[in-house]
Amino acid sequence: MRRLPVYLLLDTSGSMRGEPIESVKVGLETMIASLRQDPFALESVCISIITFDREVKQLMPLTELENMQLPAIQTPESGPTHLGEALEMLCRKVDSEVQLSTPEKKGDWMPLLFIMTDGKPSDSQKYNQMIPEVKKRHFGSIIACAAGAKADPKPLELLTDQVYSLDTTDGATFRQFFKWVSASVSIGNRSIGASDEILLPPPPPEVNKVI
Amino acid sequence: MEWIDWLKEIGLPVEDAKHAQTFINQYEDTIKTFVHEKWNEYLPNQENELPLINDSEQIENRIELDEMKFGESTNQGKENAEKRETDFLQLQVKNKHVTVSNGKVKQKYCFLFDAEADFPGIENVIFEGLETIGLQYNTETKTIEGTPTQAGDHKIIMRYGFKNREESRPTSLEKEFTLIVNPDPRSLWKNTPTPLDEEYYKPDEDKAFVKVESKTTRKLLGLKQEKEARKDMVAASQRGRSHAHESKARDDDFKLYFDDASEWYVMVVADGAGSAKYSREGSRIACTTVVEVCKAKIFELKDIFETQITEFHKTDSNENRKKIGDSLYSIIGTAAFKAVKNIEQEAQKKPILMKEFSTTLLVSICKKFEFGWFVGAFWVGDGGMGIYRKEEPEYLKILGEPDGGEFAGQTRFLTMPEIIQPTEIYRRLRFDIVSDFTALILMTDGVTDPKFETDANLNRIEKWHALWDDLNGNNEDNVKVDFSDDNEQSADQLLEWLNFWSKGNHDDRTIAILF
């Protein structure tokens with residue numbers, strides 16, 4: 001069976017505490033529920049969740065949608081945003097979890113990466129070091145989301161040309177965002193082939209593409 | 001020590017109990033998790049023994065902490081030891097995350113859940129919410145079992161009591177957890193016909209049977225007539241569930257042709273790229289053009305070509321091999337080249353980039369000679385094509401190599417500029433002479449992915465045996481394709497066979513068989 005690996009990198013730094021992270025949780029739940037209604041996704045999507053604050057944790061290793069249960073997401077009271085370190089862990093996990101085609105093994109679909117942050121990387125040196133490493137992993141698509149007024153889209157633009165900004169970090173906005181993520185995942189599942197670029201569905205109005 | 005004092009002791013400037021309570025309420029989750037984590041770290045050291053209240057000072061503190069986070073005990077210390085232990089047990093149950101495996105609608109479910117072992121000290125466990133979704137708790141095997149009837153995230157309540165405690169009534173305490181039941185993916189697939197007014201409309205399914213009737217031959221002196229059965233061709237193409245779900249057109253195509261005069265067979269199968277906008281037309285143009293050109297080129301070159309084949313059969317030399325290669329290049333190479341040109345022309349008409357018509361291509365031309373079958377082939381992209389003989393001596397020849405990439409779905413297309421280069425076309429030509437065979441099969445990746453899975457398996461004759469058995473009715477749907485001579489029903493049977501179920505494999509499926 002061909003799997004579609006989906007990596008979610010979520011900011012859990014102090015500023016996400018409270019309503020923002022609760023909204024993210026609700027958004028995630030809605031996303032999982034709606035993906036379960038998509039027969040494609042149900043049979044091929046695998047999700048991994050990596051959170052980053054002062055610490056970087058893979059909350060959930062690459063797990064089939066069918067078998068997954070959302071883990072608890074915690075946020076510390078305050079602290080830095082170690083996005084660079086998160087990318088480092090991401091690369092490590094992709095190397096060990098994503099199956100490439102070999103004569104004896106069937107390869108996975110190109111993985112998808114979604115990053116959500118409400119700030120900017122505190123470990124910018126590491127972050128910049130990791131950018132070429134992430135690019136080497138051949139993600140089918142990298143979509144970054146700068147959420148809230150304090151989010152800085154500039155560093156994200158170094159990583160991907162698909163950077164979107166969300167004005168607020170409330171429930172409605174995140175719900176829209178994750179709905180869109182799940183639509184992108186559904187599409188990513190089937191349109192890889194002649195071109196390497198995945199055609200994304202148009203983003204919802206709450207999500208503004210950064211030009 | 002009051003817990004508020006304890007907070008002060010670790011350096012928090014709490015004012016009063018209310019102030020502390022607000023703090024705790026706000027960070028309840030974090031404290032819970034922290035205590036829980038630490039508790040798990042601590043447990044293995046204690047050899048999993050449930051510590052009793054009078055064990056040590058450490059536990060005393062632990063319980064204070066535990067109670068603190070629920071803010072339940074205001075006059076802790078005055079309670080008796082039993083009450084504290086009960087609280088402690090209850091806390092354990094509350095904090096321990098219950099994870100039960102996910103179920104699937106209409107599929108038998110069985111999960112071992114020995115609550116009394118998981119939560120030492122509890123008894124009289126009952127569950128609420130199982131029956132309504134088709135499940136029950138088997139107290140003997142201690143399993144949640146049954147066949148789920150409803151998909152969704154179901155809330156299940158576990159009621160329990162404590163051993164030797166007043167609260168031993170099963171309804172006195174409860175814990176909620178979620179049991180996820182996935183829908184049956186088969187029930188989620190929709191099948192919506194492709195709109196008839198769609199640009200480059202193509203029917204959602206297609207089939208063909210080319211009957212090649214028995215030939216009457218006269219033996220020596222023409223005294224005795226003998227009927228000689230000749231192989232027929234059958235093909236079927238079915239839109240994948242992935243396309244049917246979104247009312248998108250089938251991207252695959254095929255074309256069969258038998259030339260009565262020269263007795264040459266031509267078979268073509270093409271798979272339009274899923275991501276290319278007009279690939280359904282790309283595959284159609286490729287199939288049609290290849291048959292047209294092969295027909296014309298075979299007519300033009302057949303005398304020389306057939307002599308070359310006979311010569312090669314007599315003497316397998318590099319020189320003779322090269323001659324056949326050159327002729328194949330003139331026939332199939334020209335056909336492939338013309339197909340690209342026709343696609344290019346169509347793309348220019350739109351105008352749109354040619355890659356929007358991306359398609360793979362598998363071609364085979366063959367003819368029966370006195371000494372056996374000549375099979376020539378050309379292959380770009382994924383899928384599979386091979387000559388298969390079931391009977392002894394078993395035989396398998398794969399007529400090329402599938403083009404794959406690092407990741408799934410990556411392949412090469414006829415329309416890529418690097419493919420339509422003389423050396424590249426030449427490299428992709430194959431031919432073989434075999435005395436006889438059971439089947440010559442061409443298929444797109446919609447069939448090879450589920451049936452062969454890997455490139456290595458495509459070269460394993462056991463997998464071909466399995467495929468042939470499968471085609472002959474050895475499958476879960478009991479669909480049998482009857483490969484007896486001149487069976488025109490085989491096209492319908494093959495089309496039905498293509499509906500087989502394979503998890504995660506829902507691409508368009510096309511198969512063409514010479515038998």
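The values are calculated or read from the model by the stated rules, or taken from the named source; none is laboratory data. Since we're looking at a predicted model, the values are computed, not measured. A quick note on method: Cβ atoms are made from the backbone with ideal geometry, for glycine too, and the neighbour counts reach across all protein chains shown. Accessible surface areas use protein heavy atoms only, side chains included; no ligands, DNA or RNA. Shrake-Rupley method; radii C 1.70, N 1.55, O 1.52, S 1.80 Å.
For this structure, a couple of remarks:
- Identity of the residue in the stretch B:344-374, among the aliphatic types (A, V, I, L, M) and in contact with an Asp or Glu (Cβ under 8 Å, 6 or more places away or on another chain), that ends up most open to solvent (accessible area, probe 1.4 Å): B:354
- Of all residues in the stretch B:93-103, one or more are open to solvent by 20 Å² or more (accessible area, probe 1.4 Å), farther than 22 Å from residue A:33 by Cβ, in contact (Cβ under 8 Å) with a residue 12 or more places away in the chain and part of a helix (DSSP H, G or I).
- Cβ-Cβ contacts under 7 Å between residues 6 or more apart (or on different chains), taken from a first residue in the stretch B:180-199 that is more than 10 Å from every other protein chain (Cβ to nearest Cβ) to a second residue that is assigned to a loop (DSSP other than H, G, I, E, B) and of a type in the set (Lys, Arg), are listed as B:194/B:248.
- Taking the criterion of being over 26 Å from residue B:92 (Cβ atoms) and surrounded by 13 or more Cβ atoms within 10 Å (Cβ to Cβ), the residues of the stretch B:1-21 that qualify are B:8, B:14, B:19.
- Condition check for residue B:463 on (1) over 29 Å from residue B:214 (Cα atoms); (2) in a loop (DSSP other than H, G, I, E, B): one failure, at (2).
- Residue satisfying all of: in the stretch B:381-410; in a loop (DSSP other than H, G, I, E, B) and in contact (Cβ under 8 Å) with a residue 60 or more places away in the chain; farthest from the other protein chains (Cβ to nearest Cβ) among these: B:390
- Some residue of the stretch B:148-157 being under 27 Å from residue B:83 (Cβ atoms), open to solvent by 20 Å² or more (accessible area, probe 1.4 Å) and at pLDDT below 90: no
- Note on the stretch B:425-474: among residues that are without any contact (Cβ under 8 Å) to a residue 40 or more places away in the chain and polar (S, T, N, Q), the one that is most open to solvent (accessible area, probe 1.4 Å) is B:474.
- Of the set (1) under 40 Å from the mean Cα position of the chain (by Cα); (2) surrounded by 15 or more Cβ atoms within 10 Å (Cβ to Cβ), all apply to residue B:323 but (1).
- Qualifying residue in the stretch B:287-299 (condition: at pLDDT 95 or above and closer than 22 Å to residue B:435 by Cβ): no
- Screening residue B:491 on (1) open to solvent by 50 Å² or more (accessible area, probe 1.4 Å); (2) on the phi < 0 side of the Ramachandran plot shows it passes everything except condition (1).
- Restricting attention to the stretch A:1-19, the residues that are in a helix (DSSP H, G or I) and surrounded by fewer than 23 Cβ atoms within 10 Å (Cβ to Cβ) add up to 3.
- For the stretch B:126-147, taking the residues that are in a strand (DSSP E or B) and among the polar types (S, T, N, Q), the one that is most open to solvent (accessible area, probe 1.4 Å) is identified as B:136.
- Subset of the stretch A:164-191 [modelled with pLDDT of 75 or more and not in a helix (DSSP H, G or I)]: A:164, A:165, A:166, A:167, A:168, A:169, A:170
- Options B:230, B:250: the member that is in the same structural domain as residue B:497 (by TED's automatic domain parsing), buried (at least 24 other Cβ atoms within 10 Å of the Cβ), part of a loop (DSSP other than H, G, I, E, B) and not aliphatic (A, V, I, L, M): B:250
- Flag if residue B:355 is more than 14 Å from chain A (Cβ to nearest Cβ) and of a type in the set (Lys, Arg): no
- Note on the stretch B:411-446: residues that are closer than 13 Å to residue B:380 by Cα and assigned to a strand (DSSP E or B) total 4.
- Those helices (runs of 4 or more DSSP H) of the stretch A:39-146 in which 2 or more residues are open to solvent by less than 10 Å² (accessible area, probe 1.4 Å), within 10 Å of chain B (Cβ to nearest Cβ) and in contact (Cβ under 8 Å) with a residue 12 or more places away in the chain occupy A:39-44.
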